[in-house]
Amino acid sequence: MFLKKKPAVTVDARLKHIAFIMDGNGRWAKKRSMPREYGHISGAKTFKTIIRYCGDIGIRMITVYAFSTENWKRPKEEVDAILKLLSDYIDDAEASMDENNIRLVFLGDKSIFPPELRDKIDHVENISKDKELLLNIALNYGGRAEITHACNTLMASGRTSVCEEDLSAAMYTSHCPDPDLIVRTGGDKRISNFLLWQAAYAELYFTDTLWPDLKPAEIDKIVADFYGRKRRFGGI
Ligand code: FPP
């Protein structure tokens, strides 16, 4: 609906859920002799473009890794800059709630955030809950922490033995199916504690493109690559 021209690809039910490790903002800024925060500002613009494009080509669920449990090790100015971008994005999402169709869900431990940000997150999750396109934003998220949290939740409910379905239902992602495809920008070929449980059968795609440089045309290429793969889920 926002596209100037027809997209080169459209997707079907085989690609319901795509996830992104948005890596390379810092290097993108460094190449321009700019502070890392500038890379995150540019990354936030790319995020909006890519989310919109994925929705336009028919992907119904998107998860992005915005801030990991390990990212607190970064300088305070950088952490503050990322959290400010997220807070601004929530404000924008709230202001444009009537024009867009995006349900926002935050994955991770929110208890660490100041009450104003927590309230903002709760509010936007609540007012967007009936929207059709799902956008999960992983924030203060770590895959191991999520699995640990799920185990503790199940034990606190009195369980002494659990099955895989119980664990899936206790994850932050219990409202959606596992990702079909996980894309990492920035050249590194690792998962970095992202969706460890949910990635069991995901296709993985690694690109050297730095996140701020990612364009819809590369999404077309990634989607075409995904459709060229045979997903056997352990079968033959
Ligand atoms: C990784 O790149 C990126 C992050 C830790 C932050 C991602 C944040 C954004 C894209 C902006 C805010 C997001 C939203 C949802 C509005 P890096 O800094 O590790 O890059 P480097 O590997 O080149 O140093």
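Condition check: crowded, with 19+ Cβ neighbours inside 10 Å and either of a type in the set (Ser, Thr, Tyr) or farther than 21 Å from Phe106 by Cα (or both). Does Ser68 satisfy that? Give the derivation first.
Numbers: crowded, with 19+ Cβ neighbours inside 10 Å: yes; either of a type in the set (Ser, Thr, Tyr) or farther than 21 Å from Phe106 by Cα (or both): yes.
Taking the combined requirement at face value, the residue satisfies it.
Is it fair to say Ile50 is more than 7 Å from the ligand (Cβ to nearest atom), outside any helix (DSSP H, G or I) and in contact with a strand residue (DSSP E or B) (Cβ under 9 Å, 6 or more places away or on another chain)?
Judged against the criteria, Ile50 is not a match.
Listed here are the residues, each with its yes/no results for (1) farther than 18 Å from Val9 by Cα; (2) surrounded by 15 or more Cβ atoms within 10 Å (Cβ to Cβ); (3) without any contact (Cβ under 8 Å) to a residue 60 or more places away in the chain.
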residue	(1), (2), (3)
Leu167	yes, yes, yes
Pro179	yes, yes, no
Ser192	yes, no, no
Trp211	yes, yes, no
Arg231	yes, no, no
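Just checking, does segment 56-69 include any residue being in a helix (DSSP H, G or I) and either among the hydrophobic types (A, V, I, L, M, F, W, C) or touching a residue at least 60 places away in the same chain (Cβ under 8 Å) (or both)?
Residues of segment 56-69 in a helix (DSSP H, G or I): 56.
Right, trim to either among the hydrophobic types (A, V, I, L, M, F, W, C) or touching a residue at least 60 places away in the same chain (Cβ under 8 Å) (or both) and you get none.
For segment 56-69, residues in a helix (DSSP H, G or I) and either among the hydrophobic types (A, V, I, L, M, F, W, C) or touching a residue at least 60 places away in the same chain (Cβ under 8 Å) (or both): absent.
Restricted to segment 19-37, and to residues that are over 17 Å from the mean Cα position of the chain (by Cα) and within 11 Å of the ligand (Cβ to nearest atom), which residue is surrounded by the most Cβ atoms within 10 Å (Cβ to Cβ)?
Pass one, segment 19-37, residues over 17 Å from the mean Cα position of the chain (by Cα): 26-37.
Next, from what is left, pick out any that are within 11 Å of the ligand (Cβ to nearest atom): 26-31, 36-37.
Values: Gly26: 20, Arg27: 16, Trp28: 24, Ala29: 21, Lys30: 14, Lys31: 13, Arg36: 18, Glu37: 19.
For segment 19-37, the residue satisfying everything is Trp28.
Among the residues of segment 135-156, are any assigned to a loop (DSSP other than H, G, I, E, B) and either more than 15 Å from the chain's Cα centre (by Cα) or loosely packed, with under 14 Cβ neighbours inside 10 Å (or both)?
no
Of a type in the set (S, T, N, Q), on the phi < 0 side of the Ramachandran plot, buried (at least 18 other Cβ atoms within 10 Å of the Cβ) and free of Cβ contacts under 8 Å to residues at least 60 places away in the same chain, is that true of Thr207?
yes
Note down all Cβ pairs under 9 Å where the first residue falls in segment 72-95 and is closer than 26 Å to Asn126 by Cα, the second is near the ligand (Cβ under 9 Å from one of its atoms) and of a type in the set (D, E, K, R), and they're at least six residues apart or on different chains.
Short answer, once both residue conditions are applied: Ala81/Arg36; Ile82/Arg74; Tyr89/Lys48; Asp92/Lys48.
Just so you know, all these numbers are worked out from the coordinates, no wet-lab data involved. Keep in mind that what you see is a predicted model, and the values were worked out from it rather than measured. Cβ coordinates were reconstructed from backbone atoms using ideal geometry, including for glycine residues, and neighbour counts include every protein chain displayed.
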